[in-house]
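What follows is a set of notes on a single structure, which appears directly below.
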Amino acid sequence: MEQTAVEKKFGKYVMASMITMFLQSAYSMIDGLFVSNLIGDTALSAVNVAWPVIAVVTAIGTGVGCGGAVMMSTKQGEGKNEESNIVRANVILALLASSIVVTILFLILLTSLLKLMGAEGELLRLSQIYGRVMLTGGVLQILSCGLTPLLRNDNRAVSAMMIMVGGLFANLGLDFVFMYVFHMGIGGAAGASLCAQLFTTVCCLMILCTKKTDPIRLSQFMIRKEYWKKIFKTAVSPFGISLTPSLLILYHNVACLKFGGDLAVNAYALISSTVGSYRVLLIGVAEGIQPLASYAYGAHDFHAIRKIRNKAVITAIGVSFFLFIFTIATARFYPAIYGYEGEAAELGYHAVMVTAAQLIFTGLVRVTNSFFYSVGKDKYSLFMIYFDPLIMTPLTIVILPRIFGLDGIWITAVVTQFILNIVAFGMFASHERQMKRMEAAKTLAGK
């Protein structure tokens, strides 16, 4: 990327990233469609209950991959391409090391974690089956999520998108074969996802190893402790971005079990499979700007940073409003698509309609999260990412249901995202003042 043309690549990177993130999240959505229609809504709830555990694994892959990708882009912006390549190799080593530790740990803790979330009886049994199969392939999950950011930062955003398209079709076809033809149940759904992630991992590695410019070489696989420290430090932000939706699922599932039982859990499962999937598109907008913002930051190109920031904010807000309108217009169809009937269908439809307004505010929050860790403002990013799941949502979801009943659960995300929008505007204003001071200092140094 040429320094003066960074912002011109905005549309390509953001669109490819949106599609890639949506397809990456579609694995659970497709599993949900098959298990809800072929097994029942309890099976869909089981996928939803197990997913926060599995999401920690995928979040680690995304976090390490994005943490390394930020460092790669910054090195490229500084003109240090060979160092960038060594960073890339260290990211792959870090992904492999993380995957081994995480897989063993979560296989041991799975049942205890599911019980902690309130799963019991048939719900617990199905959650255990789905979780064990998925966690057995933890190495594939971490690599498939962690290698995608490396492709994006190697100017292969479209390649990453096409690989995800292939993985999605593989998942779809194998879900049909494993569940409909061979009647493998919920374990078949998990197996199909792992096979698709194997496809994704192999394709990513093939591209990285065979690309004409700067392919991965064995000589680059030299462990650099200082790189690992920086990778994992930056990884805390994208890890949180990836994990937060699953933490919110956890909080909402616990609240649903307390205030509405299995019927409420089923309703929230419908929210997660629809509104939750749409939120991923907004994460795609945010993650798409990362290579560009980090490159501009490394090059100290403040004009490009502003262009990227402003375009990202406008795009995210526009997509947010579109997704809100789309959800309201199509919500009536969701219960039937996922096999809901009777009272479950009505409650699910009502829950989606009430919570849809969160989409209006989510886009700006996601852009704020990614923008700040991309330009070295880790403290801003960490506050935005972790304040919600660790403090704001736990408090809100305790208070609102006591006042509004189940509707209090559905509006929790609307309230928290609105508050974070106010915080985001304050952070952008503060960062703008800092950039102006840096520009002034740069001008004086040039004189």
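The values are calculated or read from the model by the stated rules, or taken from the named source; none is laboratory data. What you see is a predicted model; the values in this text were computed from it and never measured. No Cβ is skipped: glycine too gets one built from the backbone with ideal geometry, and neighbour counts run over all protein chains shown. For the accessible areas, the whole protein counts, side chains as well, though only heavy atoms, and no ligand, DNA or RNA atoms are used. Shrake-Rupley method; radii C 1.70, N 1.55, O 1.52, S 1.80 Å.
Here are some notes:
- Matching residues, the stretch 246-261, being more than 17 Å from Ile411 (Cβ to Cβ) and not hydrophobic (A, V, I, L, M, F, W, C): Ser246, Gly261
- The stretch 170-182 residues that are farther than 16 Å from Asn37 by Cα, paired with ones that are modelled with pLDDT of 90 or more and not in a helix (DSSP H, G or I) (beta carbon under 9 Å, 6 or more apart): none
- Of all residues making up the stretch 359-399, the number that are open to solvent by 10 Å² or more (accessible area, probe 1.4 Å) and assigned to a helix (DSSP H, G or I): 19
- Residues that are surrounded by 19 or more Cβ atoms within 10 Å (Cβ to Cβ), closer than 20 Å to Ser370 by Cα and not small (Gly, Ala, Ser) within the stretch 400-419 comprise Thr416, Gln417, listed in sequence order.
- Looking across the stretch 219-257 at every residue that is farther than 30 Å from Val398 by Cα and touching a Leu at 6+ places or on another chain (Cβ under 9 Å), the one that is surrounded by the fewest Cβ atoms within 10 Å (Cβ to Cβ) is identified as Ile223.
- Hey, Asn85 open to solvent by 10 Å² or more (accessible area, probe 1.4 Å), of a type outside the set (A, V, I, L, M) and either closer than 26 Å to Ala192 by Cβ or in contact (Cβ under 8 Å) with a residue 12 or more places away in the chain (or both) or not: no
- Residue in the stretch 316-332 that is hydrophobic (A, V, I, L, M, F, W, C), modelled with pLDDT of 90 or more, touching a Lys or Arg at 6+ places or on another chain (Cβ under 9 Å) and open to solvent by less than 10 Å² (accessible area, probe 1.4 Å) present: yes
- Qualifying positions in the stretch 258-276 - open to solvent by 10 Å² or more (accessible area, probe 1.4 Å) and assigned to a helix (DSSP H, G or I): Lys258, Phe259, Gly261, Asp262, Leu263, Asn266, Tyr268, Ser272, Ser273, Gly276
- On the stretch given as the stretch 337-349, residues that are in contact (Cβ under 8 Å) with a residue 12 or more places away in the chain and assigned to a helix (DSSP H, G or I) total 6.
- Residue match in the stretch 19-33 (condition: more than 29 Å from Val275 (Cα to Cα), in a helix (DSSP H, G or I), touching a residue at least 12 places away in the same chain (Cβ under 8 Å) and among the charged types (D, E, K, R)): no
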